[in-house]
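Q: Can you keep this structure in mind? I'll have questions shortly.
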Amino acid sequence: MIVKEGRSVFKGVATGRIFVYRKAQTAVSREQVTDTAAELERYENAKRKALDQLKGLYEKALRDVGEEEAMIFDVHQMLLDDPDYNDSIHSIIENDRMNAEYAVFMTGEQLAAMFLNMDNEYMRGRAADVKDISERVMSILNGAQTDPEAMPEPVIVLAEDLAPSETVQFDKSKILAIVTQKGSANSHTAILARTMNIPSLVMTDIEPDLAYQGRRAVVDGFAGLLYIDPDEETMARMIEKKGGADAKRALLQEMKGKESVTKGGKHIHLYSNIGSVEDVDAVLENDSEGIGLFRSEFLYLGCDDYPDEELQFEAYRTVLSRMGGRKVIIRTLDIGADKQIDYFNLPKEENPALGFRAIHICLTREDVFRTQLRALLRASVYGALAIMFPMIISVKEVVRIRRLVEEVRLELERENIRVGEFELGIMIETPAAALISDQLAPLVDFFSIGSNDLTQYTLAIDRQNPSLDDFFDPHHEAVLRLIQTTCENAHRHGAWCGICGELGADMEMTAKFIQMGIDELSVSPGCTLELRKRIREC
C-alpha cells in the first residue's frame, strides 16, 4: 500500500481506479528512427485512437448541443482521414526516417500554412482544425491523456495540475475525485471541485506517473490522504468513514423545503455558484433558492473560438428556464489570471493577477462584450435575470457599462426583439471598489462580494501561489472591515449585498455575516443544505 499526503480542498471519501491525466507536450523532438515500419504502426494506432475519440465527441456534442455544433468533430474526422495529410506523414517517416510526432507536427504546420494563404474564408478556417487534429494525435503518441472520452468509467483523476480550461472538458459524471501534485486551495480549479461536490486534494506528494494508471485507490478528503492499492484494513476503515459521511449527507436532506431563516426571523437568500448549464441539476437537487454566480467564462473556455450570440443565448435561456422564476445572477466574462483562452491572444504577463482581465478586457473589446450583452438581454424574458460585472475599480467603469447596456437594449428593441426585466450589479473584489462603495451603490441594484480576490488584493497575496496558502487569511480584520463597509453602503443607498466567494460557505463566519447585515450567500451546490442548517441555528 502506498500512502500520499496532500491538502484537502473538499471533504469526503472516494474509492475507485486512478486515471492519470497528462498534459500534451508542447515541444516536439526531432528524432531519427531505424525501424520505420514500427514508427508507421505507432502513427496508425494513434490515428485510430484519435478517430475513436472524435467519434465519441461528435456523439456527445450531438446529444448536448445539437448537430450544428457537433459537425466540427465530423470535420475533424474527415481531415484526419484525408489522403494528403496521411501521405505527408508517411513520407516523412519512411523517406526522411523521422519519428511519428515530428512527422505529424510538420505536416500540421505545413497544411495549416497552406490553408491560411487561401482566399476562401472557409478554407482559411480549416487551418485551426488541422492544428487541432495534429495536437490530438501528438498527445496520444507522447502518452498524454487529454480527452474525457479516454475515461472508460468513473475514476479518480491524478494530474500534475489542472487549469480551468482543462477541468471544464471532463465529463463530470465520470469523476469520483481529483488529486493534483501542484495547485492551490484557493485556485479556480479547487473551486470547480467544490462545485462538483467531490473529494479533492492539491499539493499532493505524488508524481502523475502512468505506472499508477488503473490502480485501485482511495481519496480521504477529510484527512488529506491518498491510498494507492489499499490493504483490507484500510479499505474497511475508509468504507466505514464514507458511510458516516453519506449518513450525515442524508440527514441534511431534511433541510429541503425549509426556509433559510434565522431563529430571530431574518431571511438569508441562499443561492448557488455554478460554471455550466449542466450544474443546474445540482442546484435543483440541493434545493437552492437561486443562482448567485453563473461563471459565464466557462462557455468561452469550452470553445475553440469566440462563442457566438446564439450559443450564449441558448445557454442563458436554458438556465433561466430551468430555474423556474428563481433568481439567476450571471457574471459577465471574467478571464485572465489563471483562466487563459488561446483565441483571445492575450499577451503573456509577468503578474497576471494584476494584469489584463475581466471587465477591462470587455471594455477594451467591445465587440465581444456587446455579443454577450445581446445574448443576456435576449434571455431576460425567460426568468429572473440579474447581470453582474467583475473586477470593478471605478465609478466611470460602471457609468460606461450602464451606457453600453442601454445601447444594446435599444438596439434589440429596434430589431423587434423583446427584452425582459433584469437587475444590474457589480462584484466587490478590490479594496478600491469596497472603499468607494458609497459612490457605486446608487448606480446598481446589488453588490456581490468576491471574497477570494478581495482577500488577495487586500493582503497582497497571490491566491494561486501554494507557497502562500498559510498566509492567505480571509478572516483578516482588514478583509472583514471592507465587507462591513460594503454592506453598510449598499443598504444606505437601497442596494442589497451578498457574498459569492468561498468565504460564504465558511460556517464559522455565518453568524458574523448575518450580524453585518449580509442579505445573500452564494455557495457551491453541495454546501447549500449544510449552510441552511447553520443559518437556521443562528
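The values are calculated or read from the model by the stated rules, or taken from the named source; none is laboratory data. None of the values given here were measured: they were computed from a predicted structure. Every residue, glycine among them, receives a Cβ derived from its backbone with ideal geometry; neighbour counts consider all protein chains shown. Calculation scope for accessible area: heavy atoms of the full protein, side chains included, ligands and nucleic acids excluded. Shrake-Rupley method; radii C 1.70, N 1.55, O 1.52, S 1.80 Å.
Q: Specify the residue that is farthest from MET71 (Cα to Cα); the eligible residues are those in the stretch 87-126 that are among the charged types (D, E, K, R) and touching a helix residue (DSSP H, G or I) at 6+ places or on another chain (Cβ under 7 Å).
A: Filtering first and then ranking leaves ARG97.
Q: Whether any residue in the stretch 238-258 is in contact with a strand residue (DSSP E or B) (Cβ under 9 Å, 6 or more places away or on another chain) and basic (Lys, Arg) is what I want to check.
A: yes
Q: To continue, here is another question. Just for helices (runs of 4 or more DSSP H) wholly inside the stretch 442-537: which have at least 3 residues that are in contact with a helix residue (DSSP H, G or I) (Cβ under 8 Å, 6 or more places away or on another chain) and more than 30 Å from GLU285 (Cβ to Cβ)? Before you say what the answer is, go through the steps one by one.
A: Values: elements: 451-459, 477-492, 510-516, 528-537.
It comes to 451-459, 477-492.
Q: Then there's this: Does at least one position in the stretch 295-305 carry a residue that is open to solvent by less than 40 Å² (accessible area, probe 1.4 Å), assigned to a strand (DSSP E or B) and either within 22 Å of ALA505 (Cα to Cα) or touching a Cys at 6+ places or on another chain (Cβ under 7 Å) (or both)?
A: Yes: the stretch 295-305 contains one or more residues that are open to solvent by less than 40 Å² (accessible area, probe 1.4 Å), assigned to a strand (DSSP E or B) and either within 22 Å of ALA505 (Cα to Cα) or touching a Cys at 6+ places or on another chain (Cβ under 7 Å) (or both).
Q: If a residue must be among the basic types (Lys, Arg) and touching a strand residue (DSSP E or B) at 6+ places or on another chain (Cβ under 9 Å), how many such residues does the stretch 419-473 contain?
A: Here the count works out to 0.
Q: Among the listed residues GLU297, GLU289, GLU278, identify the single one that is acidic (Asp, Glu), within 16 Å of SER321 (Cα to Cα) and touching a strand residue (DSSP E or B) at 6+ places or on another chain (Cβ under 7 Å).
A: GLU289
Q: So which residues in the stretch 430-454 are within 23 Å of GLY183 (Cα to Cα) and in contact (Cβ under 8 Å) with a residue 60 or more places away in the chain?
A: GLY450, ASN452, ASP453
To keep it simple, each residue is scored yes or no on (1) in a helix (DSSP H, G or I); (2) open to solvent by less than 50 Å² (accessible area, probe 1.4 Å).
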site	(1), (2)
LEU333	no, yes
PHE356	no, no
HIS360	yes, no
ARG370	yes, no
ALA379	yes, yes
ILE393	no, no
GLU397	yes, yes
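Q: With the condition kept exactly as written, say whether any residue in the stretch 331-342 is at pLDDT 95 or above and within 24 Å of GLU429 (Cβ to Cβ).
A: Taking every residue of the stretch 331-342 in turn, at least one turns out to be at pLDDT 95 or above and within 24 Å of GLU429 (Cβ to Cβ).
Q: OK, next. Looking only at the stretch 240-286, which residues are in a loop (DSSP other than H, G, I, E, B), over 24 Å from LEU333 (Cβ atoms) and open to solvent by less than 50 Å² (accessible area, probe 1.4 Å)?
A: Correct list: SER260, THR262, ILE268, ASN286.
Q: Name every residue in the stretch 343-354 that is assigned to a helix (DSSP H, G or I) and under 30 Å from ILE461 (Cβ atoms), in order of residue number.
A: Within the stretch 343-354, the subset assigned to a helix (DSSP H, G or I) is 343-344, 352-354.
The answer is PHE344, PRO352, ALA353, LEU354.
Q: Could you grab me the full set of residues in the stretch 312-331 that are open to solvent by 50 Å² or more (accessible area, probe 1.4 Å) and under 19 Å from the mean Cα position of the chain (by Cα)?
A: GLU314
Q: Now for a separate question. Restricting the stretch 399-416 to residues that are touching a residue at least 40 places away in the same chain (Cβ under 8 Å) and within 16 Å of ARG331 (Cα to Cα), which is most open to solvent (accessible area, probe 1.4 Å)?
A: Residue satisfying both the conditions and the ranking: ARG402.
Q: Here is a further query. Taking only the stretch 447-481 into account, find how many residues are open to solvent by less than 20 Å² (accessible area, probe 1.4 Å) and closer than 10 Å to PRO431 by Cβ.
A: Residues that pass the stated criteria total 2.
Q: Within the stretch 219-239, how many residues are outside any strand (DSSP E or B) and open to solvent by less than 50 Å² (accessible area, probe 1.4 Å)?
A: Of the residues in the stretch 219-239, 6 are outside any strand (DSSP E or B) and open to solvent by less than 50 Å² (accessible area, probe 1.4 Å).
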